[in-house]
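Here the structure comes first, spelled out in C-alpha cells, and everything after it is commentary.
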Amino acid sequence: MKLYLLTVLSIFVYVALPLSTPPVSGAEAKTPKVLLIGIDGVRPDALIVADTPNINQLIASGTFDPTCQILGDRYRENNTVSGASWSSVLTGTWADKHGVHDNSFEGRNYGEYPHFFEYIKAAKPEAKTVSLVSVWRPIDRYIVSAADIRDYVPLAGVRTTNLNIPADEVREDTRDGEWHHLLGLRRGGKVHLFLNGEPVAETYDTAGDFDLKGEVYHIGRDARGDRLGLKGDIRGVGIWNRALSESEIRTVAGGGAAAAPVLFQEGTPAQKETPLDGSLRGLTRGDFTVSAFFRTTDTGRNILMGNYGDAPGGHLNLELHTDNRVRLYVNPTDEEQADRMVREEQSDGTVADKAVDVLESTDPTALWVYLHQPDAGGHRYGFSPKVPEYMQAIENVDRHVGRMVEAIRSRPGYDEEDWLIVMTTDHGGYGTRHGGGHDIPEILTGFLLVSGDAAHHRISPEQTFIVDAVPTVLKHLGIEPDPGLDGRPVGFRD
C-alpha cells in the first residue's frame with residue numbers, strides 16, 4: 001500500500017506544486033499561530049484521489065506524509081480505534097502513557113499526559129485556545145482541557161440516544177457482588193437512568209418514536225449472544241410502555257410492584273428471550289421504562305436486556321458498560337437514520353461555521369477542529385476510494401477546510417501572522433471497520449500534513465506518526481516540547 005500511495009502522490013504533487021508560494025521573508029518576526037485539524041477515518045489513498053482542491057493546496061505548500069502510522073514501533077497494544085488514536089494525537093504520546101487503549105477511556109492518564117493546550121497555557125498563559133468538536137463527543141468529554149473557547153456539536157436531527165455514564169459519575173460500586181437495581185426510562189422528551197432508586201443521569205432524547213426490530217427481546221444479553229451477556233445473576237425484570245413516576249421507581253427498586261407492565265419476571269429468568277410482538281414491539285413508540293435487579297463482580301461489559309444486533313436499527317438496550325458505567329441505548333431504525341450522512345454534513349458544517357466565526361471575531365493562538373463524517377461514511381458504506389459515499393464525505397470535509405483557510409487569510413492582521421496548519425486522521429479502515437487492525441495496512445496508515453510558510457514544500461522524506469502532530473504544533477509556537485512526549489517536530493524548513 002505504501003508503494004501505491006507514493007506512486008500516486010508523485011503524480012499528484014507534480015500537478016499541485018505550482019500552486020505553492022515561496023516563503024515570506026521576515027516570517028520569523030510574525031506572530032505564530034496554529035490550526036490543528038483532525039478528520040476522522042480518512043484513508044490516504046482515498047484522500048489522494050478525491051476531489052479536494054483546498055487540501056491539495058495545503059499539501060502543495062507543506063510537508064505531506066501519506067504513510068503516517070497510527071501505532072508506533074515501541075508500543076502497539078492499544079486497539080486501532082478513535083479513543084486511543086485521538087488521545088495519541090492530542091497528547092503526543094502512545095497509549096502506555098496516556099492510558100487510553102479503546103473507546104471506553106478506562107485508565108486515562110491525562111493528568112500526567114494532557115491535551116496539548118495545557119502545554120501552551122503553561123508557557124504562554126495569555127494564549128487563547130479553541131476546541132471545536134463535531135459529533136463524536138468523547139473527544140470533548142474526556143480529552144480536551146485548557147480551552148478558552150470550547151464547543152461540541154452533536155449529530156443533527158434524529159439519532160441514537162446513548163446515555164452512557166462514566167465511573168466517576170456513578171457513586172456506587174455496581175460490581176461488588178451485591179444486588180443492585182438499574183432502571184432506564186423515557187419521559188417527555190428526555191431519557192433518564194436510576195440506580196437503586198436514585199437518579200444518576202439524564203439527557204434529551206434524540207431517537208424519537210420507532211418500533212423495536214427483530215423476532216425476540218433478550219433478557220441477560222442481547223441479540224449478539226452470550227459474549228456480552230450478564231456474567232452474574234438477574235431478577236425482577238420489568239418493562240412498561242409508560243414512564244414510571246418517581247414514587248413508582250422507588251417502589252420497584254425496593255422490591256415492590258408497579259402497575260400494568262408489558263413484561264415482568266420476578267425470579268431469575270429461565271427463558272432468555274420473549275417474542276417481540278404487540279405492545280413489546282411498540283414499546284419505543286412513546287414513553288417507556290425498563291428495569292432489572294442484577295448481581296455481578298465482572299467489570300467488563302454486561303448487557304441486562306436488549307435486542308441490539310438483531311436488525312439494522314430499532315434497538316433498546318439496558319447495560320452495564322465497562323469500568324462501573326451504566327447505559328441506556330435507544331437506537332432508531334435505518335428508516336429514521338436514512339439521512340445520516342446528510343446530518344453528519346450538517347454537524348461538520350456547523351463546526352466549520354463556528355471556526356470561521358472564531359477566526360473572524362477573536363484572536364486565537366491555537367485552534368483544534370475535529371470533523372467526523374468520513375468515519376461515519378466508512379462504517380456505513382465502506383472505507384475505500386472505490387466507495388462513492390465515502391469519497392463524498394471526504395470531499396465535503398474539504399469544503400469546510402477551505403472555508404477555515406479562507407477565514408485565516410482574510411483576517412485583518414494576517415500579514416503579521418505566521419499560521420501553521422497541521423492536519424491528520426486517527427485511522428484508516430478496511431471494509432466497514434477499523435478495530436483490531438494491528439496487521440492491516442489500510443487501517444494502520446493515516447496521513448500527516450504540515451502546511452505554511454514555516455514548512456518544507458515536499459513529500460516527507462521520513463516516516464511520521466500521529467504523535468508527531470503536537471510536538472510540531474508546540475515548536476511552531478516557540479514552546480519546547482515536554483521530554484516525555486513520544487513524537488517529534490516534523491515538516492519544518494529548518
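The values are calculated or read from the model by the stated rules, or taken from the named source; none is laboratory data. Fair warning: this is a prediction, and the values are worked out from it, not measured in the lab. Positions of Cβ are backbone-derived with ideal geometry, glycine not excepted, and every protein chain shown enters the neighbour counts.
For every residue, the table says whether it meets (1) within 24 Å of Pro489 (Cβ to Cβ); (2) modelled with pLDDT under 95.
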{"position": "Thr365", "(1), (2)": "yes, no"}
{"position": "Asp375", "(1), (2)": "no, no"}
{"position": "Ser384", "(1), (2)": "no, no"}
{"position": "Met391", "(1), (2)": "no, no"}
{"position": "Ala407", "(1), (2)": "no, no"}
{"position": "Thr432", "(1), (2)": "no, yes"}
{"position": "His438", "(1), (2)": "no, no"}
{"position": "Leu449", "(1), (2)": "yes, no"}
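Assuming Phe194 fulfils every condition listed in (1) under 20 Å from Trp136 (Cβ atoms); (2) outside the structural domain of Trp368 (by TED's automatic domain parsing); (3) surrounded by 19 or more Cβ atoms within 10 Å (Cβ to Cβ) apart from one, which condition is it?
Of the numbered conditions (1) under 20 Å from Trp136 (Cβ atoms); (2) outside the structural domain of Trp368 (by TED's automatic domain parsing); (3) surrounded by 19 or more Cβ atoms within 10 Å (Cβ to Cβ), the odd one out for Phe194 is (1).
Condition first: hydrophobic (A, V, I, L, M, F, W, C), over 30 Å from Glu417 (Cα atoms) and in the same structural domain as Asp398 (by TED's automatic domain parsing). Can you find one or more residues in region 365-381 that meet it?
The answer is yes, given that some residue of region 365-381 is hydrophobic (A, V, I, L, M, F, W, C), over 30 Å from Glu417 (Cα atoms) and in the same structural domain as Asp398 (by TED's automatic domain parsing).
Any chance you could count how many residues in region 392-439 are among the small types (Gly, Ala, Ser), farther than 29 Å from Asp363 by Cβ and touching an Asp or Glu at 6+ places or on another chain (Cβ under 8 Å)?
3
Which one is surrounded by the fewest Cβ atoms within 10 Å (Cβ to Cβ), of the residues in region 248-268 that are touching a Leu at 6+ places or on another chain (Cβ under 9 Å) and part of a helix (DSSP H, G or I)?
Filtering first and then ranking leaves Thr251.
Given the options Ala311, Ala366, Ala352, name the one that is more than 22 Å from Pro138 (Cβ to Cβ) and either surrounded by 19 or more Cβ atoms within 10 Å (Cβ to Cβ) or of a type in the set (A, V, I, L, M, F, W, C) (or both).
Checking each option against the conditions leaves just Ala311.
In this structure, is Pro23 modelled with pLDDT under 95, surrounded by fewer than 17 Cβ atoms within 10 Å (Cβ to Cβ) and assigned to a helix (DSSP H, G or I)?
No; evaluated as a whole, the condition is false for this residue.
Using the structure shown, decide if Arg227 is outside any loop (DSSP other than H, G, I, E, B), farther than 15 Å from Leu182 by Cα, basic (Lys, Arg) and out of contact with any Pro (no Cβ under 9 Å at 6 or more places or on another chain).
Against the criterion (outside any loop (DSSP other than H, G, I, E, B), farther than 15 Å from Leu182 by Cα, basic (Lys, Arg) and out of contact with any Pro (no Cβ under 9 Å at 6 or more places or on another chain)), Arg227 qualifies.
What pairs can you find where one residue is in region 268-288 and among the aromatic types (Phe, Trp, Tyr), the other is assigned to a strand (DSSP E or B), and their Cβ atoms are less than 6 Å apart, with a gap of 6+ or different chains?
These pairs meet every condition: Phe288/Arg186.
Say we look at region 443-494 and pick out the residues that are among the polar types (S, T, N, Q) and in contact with a helix residue (DSSP H, G or I) (Cβ under 8 Å, 6 or more places away or on another chain); which of these is surrounded by the most Cβ atoms within 10 Å (Cβ to Cβ)?
This residue is Ser451.
Filter region 96-127 down to residues that are modelled with pLDDT of 95 or more, at negative phi and touching a Lys or Arg at 6+ places or on another chain (Cβ under 9 Å) and give me whichever is surrounded by the fewest Cβ atoms within 10 Å (Cβ to Cβ).
Glu112
Between Thr274, Thr299, Thr333, which is more than 23 Å from Gly189 (Cβ to Cβ), part of a loop (DSSP other than H, G, I, E, B) and among the polar types (S, T, N, Q)?
Thr299
So Gly220 passes all but one of these: (1) within 24 Å of Glu202 (Cβ to Cβ); (2) in contact with a Leu (Cβ under 6 Å, 6 or more places away or on another chain). Which condition number does it fail?
The number of the failed condition is (1).
Quick check: is even one residue across region 435-445 in a loop (DSSP other than H, G, I, E, B), touching a Cys at 6+ places or on another chain (Cβ under 6 Å) and touching a residue at least 60 places away in the same chain (Cβ under 8 Å)?
No: zero hits.
Output the strands (runs of 3 or more DSSP E) that fall wholly within region 147-191 and possess 2 or more residues being touching a strand residue (DSSP E or B) at 6+ places or on another chain (Cβ under 8 Å) and at pLDDT 95 or above, or say none.
Hits in region 147-191: 149-153, 180-187.
Can you name the residue in region 215-246 that is under 28 Å from the mean Cα position of the chain (by Cα) and under 16 Å from Val330 (Cα atoms) and is also surrounded by the fewest Cβ atoms within 10 Å (Cβ to Cβ) among such residues?
Among residues in region 215-246 that are under 28 Å from the mean Cα position of the chain (by Cα) and under 16 Å from Val330 (Cα atoms), the one surrounded by the fewest Cβ atoms within 10 Å (Cβ to Cβ) is Ala223.
Within region 469-494, count every residue that is in a helix (DSSP H, G or I) and without any contact (Cβ under 8 Å) to a residue 24 or more places away in the chain.
Going residue by residue through region 469-494, those that are in a helix (DSSP H, G or I) are 469-476.
Within this subset, residues satisfying the condition of being without any contact (Cβ under 8 Å) to a residue 24 or more places away in the chain are 475.
Result for region 469-494: 1.
Being part of a loop (DSSP other than H, G, I, E, B) and either in contact with a Cys (Cβ under 6 Å, 6 or more places away or on another chain) or more than 13 Å from Gly220 (Cα to Cα) (or both) is the filter here, so list the residues in region 302-318 that pass it.
Gly309, Asp310, Ala311, Pro312, Gly313, Gly314
Of everything in region 128-147, what is in contact (Cβ under 8 Å) with a residue 60 or more places away in the chain and surrounded by fewer than 19 Cβ atoms within 10 Å (Cβ to Cβ)? Give them in sequence order.
Within region 128-147, just Lys128 meets the criteria.
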